[in-house]
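The values are calculated or read from the model by the stated rules, or taken from the named source; none is laboratory data. Quantities reported herein were computed from a predicted structural model and do not represent experimental measurements. Note that we place each Cβ from the backbone using ideal geometry, even for glycine, and neighbour counts take in every protein chain shown.
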Amino acid sequence: MALTLTEAAKFTTNMVKRGVIEEVISESVVLQKLPFIDVVGNAYQYLRENAIGSAAFFDPGEVWTEETPTFTQKTATIKIMGGDADVDEFIKATRQDKTDVEAETIQAKAKGIKYTFLDKFYYGSSTTNTKEFDGLHTILSGSDMTAQVLHAGSGSTGNVLTAALMDRLMDLTKDGEWDVLLVTRAVRRRISAFIRANGGLYQAGFNDYGQSVKSWNDVPIKIDDKLTQTETIASDAYSAKTGGATSTVFAVRFGTKHLVGLQNGGLSTKKIGQIESKDAMRWRIKWYVGLALMTTLGLAGIDGVTDAAMTT
């Protein structure tokens, strides 16, 4: 069974762990909606669906021909992510009338865990750093994902986002709609300005958390500050997280048949105890975690998008 962290928190009776989970999912649509499969071992081998098998009509007595779906075998590895939080005993004792120092220290570390995961969710590369899992950019660079990537720029030069590209992005999934469009703040502003100038294409509402949601063709548009506006492109396509002035618009479908998180044992907290070398108590937060895309139609993107006025 796959659970989002939001649902996992409901089953947690450990208040420290529950507080960590709630901090991790706060203000992140990715961590609110991404389901996680519990994996036994340190790797998950699966078949990514490329195309479904078709059907046909036959005459009586005609030989039937087999048309099976096509798959690409993939292996996603579980990586170790975490950090230690040291609670100074003197500060805890002398400030306990003002604040819960231990809770705030653990919460701050949980926020660091969240930001690290989200950064690698987009930019992780096990080729560049074997300690990381592969993020969305690395997944999209695979040979079986070529049809799922659109380019706003050309060569090493980015270009503006267009309504035509956004509409093409909408069509890169089937049997349903994208769950979310993930963008930088700069690109969201450009989309908003375009909609205001043209009218009628833009909708707004509220999600389950009471947050305002804006959309393109009924697909929610969400900001993620771990997406950068400094991406570099080369040979038309994304090449690096920094060094340039572009970003990527990601279209994602969450689910066990689309984009899914992997974990072994879930997000955990452990009180290590008193540290010998200093007057502090240590807590450890760790997560054995990874990411898998089960079908090519679960992810798409437009790279090379500059912070300039959107056009048709």
- Item | Extreme residue, nearest to L227 (Cα to Cα), among residues of segment 86-139 that are small (G, A, S) and without any contact (Cβ under 8 Å) to a residue 24 or more places away in the chain | S125
- Please find, within segment 11-68, the residue that is modelled with the highest pLDDT out of those that are more than 31 Å from the chain's Cα centre (by Cα) and among the charged types (D, E, K, R). E62
- Hey, does segment 286-308 have a residue that's of a type in the set (D, E, K, R), in contact (Cβ under 8 Å) with a residue 40 or more places away in the chain and closer than 30 Å to N159 by Cβ? yes
- Query: Based on what the data block shows, is S215 modelled with pLDDT of 95 or more, part of a strand (DSSP E or B), surrounded by fewer than 23 Cβ atoms within 10 Å (Cβ to Cβ) and not acidic (D, E)?
  - Reply: no
- Query: Out of curiosity, is K111 outside the structural domain of A245 (by TED's automatic domain parsing), within 20 Å of L293 (Cα to Cα) and not in a strand (DSSP E or B)?
  - Reply: no
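Only one residue in T256, T246 is in contact with a Ser or Thr (Cβ under 7 Å, 6 or more places away or on another chain) and modelled with pLDDT of 85 or more, so which one is that? It would help to see each step written out before you state the result.
Working: T256 fails: in contact with a Ser or Thr (Cβ under 7 Å, 6 or more places away or on another chain).
Going through T256, T246 in turn, just one is in contact with a Ser or Thr (Cβ under 7 Å, 6 or more places away or on another chain) and modelled with pLDDT of 85 or more: T246.
Which of the residues that make up segment 132-152 are of a type in the set (D, E) and surrounded by fewer than 22 Cβ atoms within 10 Å (Cβ to Cβ)? Reasoning before the result, please.
As a first pass, look at segment 132-152 and keep what is of a type in the set (D, E): 132, 134, 144.
E132, D144 - these are the residues of segment 132-152 that are of a type in the set (D, E) and surrounded by fewer than 22 Cβ atoms within 10 Å (Cβ to Cβ).
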- The lone exception for T130 - which of (1) more than 21 Å from the chain's Cα centre (by Cα); (2) in a loop (DSSP other than H, G, I, E, B) it fails: (1)
